[in-house]
Amino acid sequence: MHPLITDNPGKKMLLLGNEAIVRGALEAGLAVAAAYPGTPSSEIGNNLFQLAGEPEARLYFEFSTNEKVAMEVAAAASAAGLRSLTCMKHVGMNVASDVLITLAYIGTKGGMVIVTADDPSMHSSQNEQDNRYYARLANLPMLEPAGPQEARDMTKAAFELSEELELPVIIRTTTRTSHVRGPVELGPLPVTKQTLGEFERTPGRWVPVPGVARVRHKVLLEQVEKAQKKAESSVFNRIGGSGKTGILASGVAACYVHDTIMELGCEERVSFLRLGFTYPQPRELLIEFLKSVDKVLVVEELEPFQEDTLKVLANEVKINIPILGKASGHFSRLYEFDPAMVKKAIADILGLETKGPKVPDLSRLPELPMRPPSLCQGCPHRETYNAVKGALDLLGYTPRTIYPTDIGCYTLGLLPPIQMADYLLCMGSSVGTSAGFSVATDQKIVSFIGDSTFFHSGISSLVNAVHNEHNFCLVVLDNSTTAMTGHQPNPGIKLSPPGYEKPRVPIEDVVKACGVKVVRKVNPYKKEATIEVFKEVLAEDRLSVVIAEAPCILYYKRVGGKG
Amino acid sequence: MMAFQRILFTGVGGQGTLLASRLLGETMMEEGFPVRVSEVHGMAQRGGVVESTVMLGGLEGPIISNGEADILVSFEPLETLRALPKCHEGTWIISNIIPIQPFTVRLGQSGYPDPGKWIAFIKQLFKNTVAFNAESLARQAGTTRAVNIVLLGALIGCGAIPVSPEHLKRNIKEKIKPKFVDANLKAFELGLAQVTK
Ligand code: SF4
């Protein structure tokens, strides 16, 4: 049995933040979940995927083709009265945002939770956008756990809150809350739960034509006001100490503040407001807090989200005390925090000396070779890249070729010795940007996209390329899995995880149905034949798609080499 | 209450750093100590540097700042050097000495520092250094994949954290796939003996 459905109330397990979210959702009676994988959210989907295979979990889960679809699946399940969840990495929310904003208008029935996992410092991402702004943009309540126990508690509470307000609730984590383990005390799993919904047709509620949307927007604002009242008395917002120096923090930053206060032994001198219910902000609580201190340091990673709100509020109620944080230069808007940075800022405003640890002189250390991640030995992508390069060399195109790329292991083709990744925006951008380059230049264009990314958001751009007669060669690197995020299935896979029996959608069929005339399939390990194919299609001056089909070797080994 | 302790595990994707830190974390939790373990998932696991931390004594933050690691457990000598700025004078350094060449070195873009020379350098600066061939011990135990458990054994052997070897062995039995348990128990013992001998 999956460890997350062992019913052991009171028992402690050392769970990842992401696992704690899953446990909280199970305890709340989650019935339907859908997701597209993305670091640092992936373990949520992975665990739900495994759990859905066990009858005791009484759970439906799917890996959807992208975050928008996943959110739609979860939204409809909620409208039918079931408890539902979707999770994604921060940039996935951009994809799903079209759903999100209007979903806030029409609202939900069964409790619905949306997890967004941000990635400050961009450990595995192309940007470090601060998704807290989505809560404000969509007007949705948001909870931010600081550790695994809170991740479990908040997820469970989020379902209740969602049902009370008839709004989806956002749980926002960051890499350092998703990927941190800590003891989590388990609660009971529900004895019964609703797994079959019933949708009541109420067009005045669920179809936001302008007349309905105008009404629903008003309802939304009323609900947000109620949410704010909830935030005022939420157990997730709490003040410790009664000193005159105020510190406000949320997420993992609150952990660094907690550690600093303990280490400096300055409990008496500070009032520490840990904010967990972070949107809408608890107005009265913040005003009380502002009144009780003579300055405030706001400790939050990325944007000055709480800091700006606090300043507006202080101005409104005419409390004129220093509010320090990003604008004052105590913290940066860049990257995740380092605990020493937080310690220094707090020691500074308290006028305390911190004695650093005694460190030996390391100036004699040589410059160390870097160890960037790279494609595995024997990875099929390597072979495909080499074949493309070989063909381009033979045709004399190499110097002026552009390689738009996409998101997956193959993005590592950026690095030497391959160096065949020139332009990237987001999931699926290889196809659309190839179109742009083909209009703007007379250069040869060879772009790369993975199988999962192709299904995620490559198809509509490919139809566009056919219709608008764009000229490039798209290489679909079909390795039968979503490798980078931990080998999740996608609709095209030939190599299925054990027990996974779902109809296959072959990429070749899709490409042909999109109207592409030059479509070829290669096995990249057959070097000569692959080069020949690329030579042929690259010599043609029109849109072509080459599907390089060979399983990810890591995955192939893991599933026992059975195809 | 126990003192704050910050333990840094570092190695290369695929070496099993996460299993080692997790086993330690679970054992500490079962002993009733507050503990946080941070892990690296995602892109770095494709042959990049994989770090994890185990924080003891009620610390909530998962990251270790420069000079603040009390124990460094390193699976690879280049990564030991890279992690030295995290250490202070009294840091326990437990390090494997067998290199894994990064591809930047294989491509001739940079040179790999001479492990013998630099291990001697480390020993000079950090008196609590234990550096040895964990790979040969793991092989002796039955699988080179058990380098992580050899090093975990050495960590427990140095006596810096309040946990009994028996408890850890119990967890190895419970949490590692049955067919690898014997090799891993042996690896643990060999690592332990490396420090206590
Ligand atoms: S995980 Fe698979 S696809 Fe990714 S680099 Fe390794 S072999 Fe290639």
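The values are calculated or read from the model by the stated rules, or taken from the named source; none is laboratory data. As the structure is a prediction and not an experimental result, all values here were calculated from the model. Every residue, glycine as well, gets a Cβ built from its backbone with ideal geometry; the counts of neighbours run over all protein chains shown. Only protein heavy atoms, including side chains, enter the accessible area calculation; ligands, DNA and RNA are left aside. Shrake-Rupley method; radii C 1.70, N 1.55, O 1.52, S 1.80 Å.
Residue pairs, Cβ under 6 Å, 6 or more apart or interchain, first in segment A:156-179 and more than 10 Å from A:I114 (Cβ to Cβ) and away from chain B (no Cβ under 14 Å), second open to solvent by 10 Å² or more (accessible area, probe 1.4 Å) and polar (S, T, N, Q). List them. Close Cβ pairs (under 6 Å, with a partner that is open to solvent by 10 Å² or more (accessible area, probe 1.4 Å) and polar (S, T, N, Q)) amount to A:L165/A:Q223; A:L167/A:Q223.
The single residue among B:I64, B:I97, B:I93, B:I71 that is in contact (Cβ under 8 Å) with a residue 24 or more places away in the chain, farther than 27 Å from A:T260 by Cβ and of a type in the set (A, V, I, L, M) turns out to be B:I97. Here A:R400 passes the criteria (1) more than 12 Å from chain B (Cβ to nearest Cβ); (2) touching an Asp or Glu at 6+ places or on another chain (Cβ under 9 Å); (3) crowded, with 16+ Cβ neighbours inside 10 Å except the one numbered (3). Of the conditions (1) in contact (Cβ under 8 Å) with a residue 60 or more places away in the chain; (2) outside the structural domain of A:A345 (by TED's automatic domain parsing), A:R201 fails just one. Which one is it? It is condition (1) that A:R201 fails. Taken together, the criteria place B:P34 among residues that are surrounded by fewer than 24 Cβ atoms within 10 Å (Cβ to Cβ) and more than 7 Å from chain A (Cβ to nearest Cβ).
Selection within segment B:166-197: residues that are under 21 Å from B:E30 (Cα atoms) and at pLDDT below 95. The member of this set that is least open to solvent (accessible area, probe 1.4 Å) is B:I176. Looking across segment A:330-356 at every residue that is farther than 29 Å from A:S178 by Cβ and in a loop (DSSP other than H, G, I, E, B), the one that is nearest to the other protein chains (Cβ to nearest Cβ) is identified as A:G356. When the residues of segment A:210-238 are filtered to those that are open to solvent by less than 80 Å² (accessible area, probe 1.4 Å) and not in a helix (DSSP H, G or I), the one that is farthest from A:R269 (Cα to Cα) is A:S234. Of the helices (runs of 4 or more DSSP H) that lie entirely inside segment B:90-197, those containing 1 or more residues that are touching a Gly at 6+ places or on another chain (Cβ under 6 Å) span B:147-157, B:178-196. For segment A:472-493, the count of residues that are more than 30 Å from A:L394 (Cα to Cα) and more than 16 Å from the ligand (Cβ to nearest atom) is nonzero. Looking only at residues of segment B:43-56 that are within 9 Å of another protein chain (Cβ to nearest Cβ) and surrounded by fewer than 24 Cβ atoms within 10 Å (Cβ to Cβ), we find that the one that is farthest from A:Q149 (Cα to Cα) is B:G47. Considering segment A:1-88, the qualifying strands (runs of 3 or more DSSP E), each wholly inside and each with 1 or more residues that are in contact with an Asp or Glu (Cβ under 8 Å, 6 or more places away or on another chain), within 14 Å of chain B (Cβ to nearest Cβ) and open to solvent by less than 30 Å² (accessible area, probe 1.4 Å), run over A:12-16.
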